[in-house]
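The values are calculated or read from the model by the stated rules, or taken from the named source; none is laboratory data. Nothing here was measured: the structure is a model prediction, and the numbers come from that model. Please note: Cβ atoms are built from the backbone with ideal geometry, for glycine as well, and neighbour counts cover all protein chains shown. To get the accessible areas, we keep the full protein, side chains included, count just its heavy atoms, and leave off ligands, DNA and RNA. Shrake-Rupley method; radii C 1.70, N 1.55, O 1.52, S 1.80 Å.
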Amino acid sequence: MRVFRLGATALTIVMVSATLTACAGNEEETSGPGPVTLTYALWADNQLPAYKQCADAFTRKNPNIAINITQAAWDQYWQNLTTQIASGEAPDVFTDHVAYYPQFVVRNQILDIQPYVERDKVDLAQYQSGLADLWMRDGKRYGLPKDWDTMAIVYNQDILSKAKVKPAELQDISWNPEDGGDFEKLIARLTLDEQGHNGLDPAFDKSKIKVYGFLPEMNDGAHGQNGWGNFAHSAGFSYLDKNPWGSHYNYDDPRLAATVDWYGRLVDKGYAPKFDKQSTLGRDAVMEAGKGAMTITGSWMVTVYTDQKAKQKYAFAPLPVGPQGRKSAINGLSDAIYAGTEHKNEAWQWVKFLASTECQDLVAQNAVVFPAIKTSSDKALAAHQAAGRDVHVFVDEAKAANGTFILPMTDKANEIGEIVQNAMQSVWLDQTDAKTALSAANKQVNGLLS
Amino acid sequence: MDSRPRPPAQRGAARAAWLFLLPVLVGFGLFYLYPAARGLWWSFTDYSLLAEPEFTGTQNYAELVGDAQFWNALKVTALYVVLNIGSQTLLALVLAALMHRLTRSVMVRAMLLVPWLVPNVTVGLLWLWLLDADLGFVNHLISSLGGESTAYFASPTWALPTVALVNTWAYTGYTALLLYAGMLQTPGYLYESAAIDGAGETRTFFTVTLPLLRPVLALVLVTSMIGSFQIFDTVAVTTEGGPVNVTKVIYFYIYQKAFHQFEMGYAAAAGVALVAILGALVYVQLRLLKASSSDLG
């Protein structure tokens, strides 16, 4: 029986210490002037060094506040965050994204920082226009802008020069959803079959393609940031009656259906890979294999494409000009404070620092992303150019009047993403036509919001 | 079964037995019983994971009955299990018989287990690369032999069979080893007399090996079928339920509902429904195969 008692004792010890830690946890709530460690979560590993520098600079100014940065890859980041929030253990401050932020706001998990912003008179005009408003709802503010990204065409320089295409041809190339405009003609010229015939050649064999002229992203949720969203907007489409926080989606817009059909025609003509013949490893891997001439990419990818170790030589060009002009998705990130944090004041200090020129200039020096503050953004561009990376098209697009649109922001983004993506994929798999599929999807999506 | 009253000495042994069971029971209670009870409670609530659960009675279950996605997930899972267990059991039987009758090399046995030792996520990634339409080795081979390259994980026709066969690849060795262990229990004299009677290898397999393997085969079938129903990681790594839901198996659906769409209550209801279905299946299977009795009189 001694063994049994020993086990019981052990169990008691475990339980007692559990209670003790629970008590200790409660005591911390009265956040005194003592030293505080804040947890800060982000997903981009290539930005970790920059934010470590920010954290060091911050702690030098506020010796009582230490920053503990945790980083997890995109998918795991959101899984972790959700679970942490569900168990009340979320990081004090975390990087936020428009696709995920509405569900946290609706469920009261993000701290309203408007009172702090007013108290400390944060200059909201210093940020790239539109970015600060992304994080507002009903007069409450749920984050300060961190950085932004826009979209552009990335092309393989060798393939273009072999096809005798001059980079200047891409500068203001026209596009429309009916016949694809000059952009489609360019795609055809760049598509090569195994015999070396291009897409305009009558001898072109579309069943044996060596290089595709264009790689469309076909797993792009309900926003099409990496492709169809930009095309559809340049044809006049918009996601919602009001964005952010609209109540009615417009996925039944005929201009969207026409764009989706255009993607389908590119595939039928052999200019783009069929849905069930597409690499699952991502378009950048296919570009690296030299099997694609052009695709659409985001400014967060520039260091990947311009890496010294890249097998191909790439360059960037602005998006094609549609019937309504050139439209690029612009997306911003923010830093949000977890509503359940025990150190609201310290967390605000850190968020304010992250959104200040001091930290964003540090981020700019690392030249990975474009910081939200305009002057820091210019510094990032200069740092990119100094490193030999010509990325001005992304900045030009962000600055163009009426040249950008924001991603759809409503609750239920996850379900909506799946419904719309499935509808589009069923079109590209020839299971149905775009008009039918998208009308049905739109009914379903709006049903979720009502 | 022995039903004689036990002598007093054995009563002490029973106590000791409980003592030995205690650690397992604590684990079972903490990690199975308690979460299961909580899951059952959640299935009657509206629970977003971010706010307190609210009791809604049987509303989740009522919704579940009319949820086309749920039924589709069940159908997909059933199809997957048939493809996976069918191919896996057949292959494993052949391999086990070969090991039993041809070679007893430890090397061969160890090699069969290698795929099973690889973590499932790695298996998924490995095949994702191998079968990639543009850059995969398998498609490279197929096209160099004059065939057409296919994105096996993205094609609506091939995605589910591909996932099933990838898991067959991963688990056949393990299943074969279990069956092989079962075959070793068959006394050697039966094979000798079969040989004296002039039975060939095929005949011996069907009249000696297979009938005497039945209880082991039944157990292996039940456990591997339950395991097969739990297919999740391969799908999560390779197809994420796509294209257009053809590989959206029930576990992946439950996971999406709970952790992507914050409908924990609804996901719990789907989980409870799955427990009921699995329980019924196991019961039927065990009864049909009379797993608890052996033909070896």
In chain B, helical segments from DSSP H whose Cα atoms cover 24 Å or more along their own axis and that average at least -1.0 on the Kyte-Doolittle scale are B:8-28, B:68-101, B:159-184, B:210-229, B:264-289
Expressed per residue, the solvent accessible area of region A:348-419 in Å² (1.4 Å probe) is about 35
Quick calc: nm separation of the 7 Å Cα→Cβ label points for B:Val94 and A:Lys311 -> 3.6
Under a Gaussian network model of chain B whose springs join Cα atoms within less than 10 Å, the largest fluctuation of B:Leu79, B:Leu112, B:Leu184 belongs to B:Leu184
Neighbours of A:Trp350 by Cβ distance under 9 Å: Lys/Arg at +1, Asp/Glu at -1, summed charge -2
Highest GNM mean-square fluctuation among A:Leu192, A:Leu429, A:Leu333, for chain A with Cα springs under 10 Å, belongs to A:Leu429
Ignoring ligands, DNA and RNA, the residues of region A:413-439 whose accessible area with a 1.4 Å probe is reduced by 50 Å² or more relative to the chain alone are A:Asn414, A:Glu415, A:Glu418, A:Asn422
Scoring chain B by relative contact order with C-alpha pairs under 8 Å, at least six apart, yields a percentage of 28
If one builds a Gaussian network model of chain A from Cα atoms under 10 Å apart, the most fluctuating residue listed among A:Asn198, A:Asn331, A:Asn402 is A:Asn402
Rounded to whole Å², per residue accessible area for chain B with a 1.4 Å probe reads 55
Order by accessible surface, 1.4 Å probe, largest leading, for residues B:Trp127, A:Trp428 comes to B:Trp127, A:Trp428
Pairs over 23 Å Cα to Cα, from A:Lys162/A:Lys313; A:Lys327/A:Lys374; A:Lys166/A:Lys399, come to A:Lys166/A:Lys399
Between chains B and A, total accessible area buried, probe 1.4 Å, no ligands or nucleic acids, nearest 100 Å², roughly 2700
Helix-only [θ] at 222 nm, chain A, -39500 (n - 2.57) per DSSP H run of 4+, per residue, nearest 500, equals -12500 deg cm²/dmol
Ignoring ligands and nucleic acids, A:Tyr101 exposes an accessible area, probe 1.4 Å, in Å² to the nearest 10, of 0
The Rg/Rh figure for the protein assembly as shown, Cα atoms and Kirkwood Rh, to two decimals is 1.02
So, with points 7 Å from each Cα along the Cβ direction, the B:Tyr61-B:Arg104 label distance in nm works out to 5.5
About its Cα centre, the protein assembly as shown carries a charge dipole, from +1 on Lys and Arg Cβ atoms and -1 on Asp and Glu Cβ atoms, whose size in debye to the nearest 20 is 2100
Contact-by-burial set, region A:98-132, min loss 40 Å², accessible area of protein heavy atoms with 1.4 Å probe, reference chain alone, gives A:Arg107
Looks like region B:20-116, by Cα gyration tensor root eigenvalues a ≥ b ≥ c and the a/c under 1.5 rounded cutoff (else prolate when a/b is bigger than b/c, oblate otherwise), is oblate
In nm², the average projected area of the convex hull spanned by the Cα atoms of region B:59-289 is 15.5
Expected unfolding gain across B:Trp41-B:Glu240 under the 0.36 nm per residue rule, minus the alpha-carbon gap, is 68.8 nm
Result for region A:88-195: accessible area per residue, probe 1.4 angstrom, in square angstrom, of 41
Output field shielding_mean for B:146-158 (other chain Cβ, 10 Å radius) holds 4
Partner shielding of A:276-286, taken as the mean number of other chain Cβ atoms within 10 Å, equals 6
For region B:169-297, the accessible surface attributable to carbon and sulfur atoms (probe 1.4 angstrom, ligands and nucleic acids excluded) amounts in percent to 66
Ignoring ligands, DNA and RNA, the residues of region B:41-64 whose accessible area with a 1.4 Å probe is reduced by 50 Å² or more relative to the chain alone are B:Leu50
Counting Lys and Arg as +1 and Asp and Glu as -1 over every other residue whose Cβ sits under 12 Å from the Cβ of A:Glu169, the net charge comes to +2
On the accessible surface of chain A, probed at 1.4 Å with all protein chains in place, carbon and sulfur together account for a percent value of 51
Here the Cα Rg-to-2.2 N^0.38 Å ratio for region B:112-236 is 1.41
Here the residues of region A:388-409 lying in the modelled label zone of A:Leu449, meaning backbone nitrogen under 15 Å from a point 7 Å along Cα-to-Cβ, are A:406-409
Taking a ≥ b ≥ c as the square roots of the eigenvalues of the Cα gyration tensor, with a/c under 1.5 meaning rounded and otherwise prolate when a/b exceeds b/c and oblate if not, region B:226-276 is oblate
Between B:Phe28 and A:Lys210, the two model label points (7 Å from Cα along the beta-carbon direction) sit apart by a distance in nm of 6.7
Per residue of A:71-80, other chain Cβ atoms within 10 Å number on average 1
For A:Lys269, the lysines lying under 19 Å Cα to Cα, once residues fewer than eight places off in the same chain are dropped, come out as A:Lys185, A:Lys206, A:Lys208, A:Lys210, A:Lys277, A:Lys291
In this structure, the FRET efficiency calculated for A:Glu194 and B:Ala280 from their beta-carbon separation, with R0 = 56 Å, to the nearest 0.05, is 0.55
For region A:362-407, the Kirkwood Rh over every pair of distinct alpha carbons, in Å, works out to 10.9
Toy charge model, Lys and Arg Cβ at +1, Asp and Glu Cβ at -1: region B:59-289 dipole around Cα centroid in debye, rounded to 20, equals 580
In this structure, the FRET efficiency calculated for A:Arg60 and A:Gln157 from their beta-carbon separation, with R0 = 41 Å, to the nearest 0.05, is 0.40
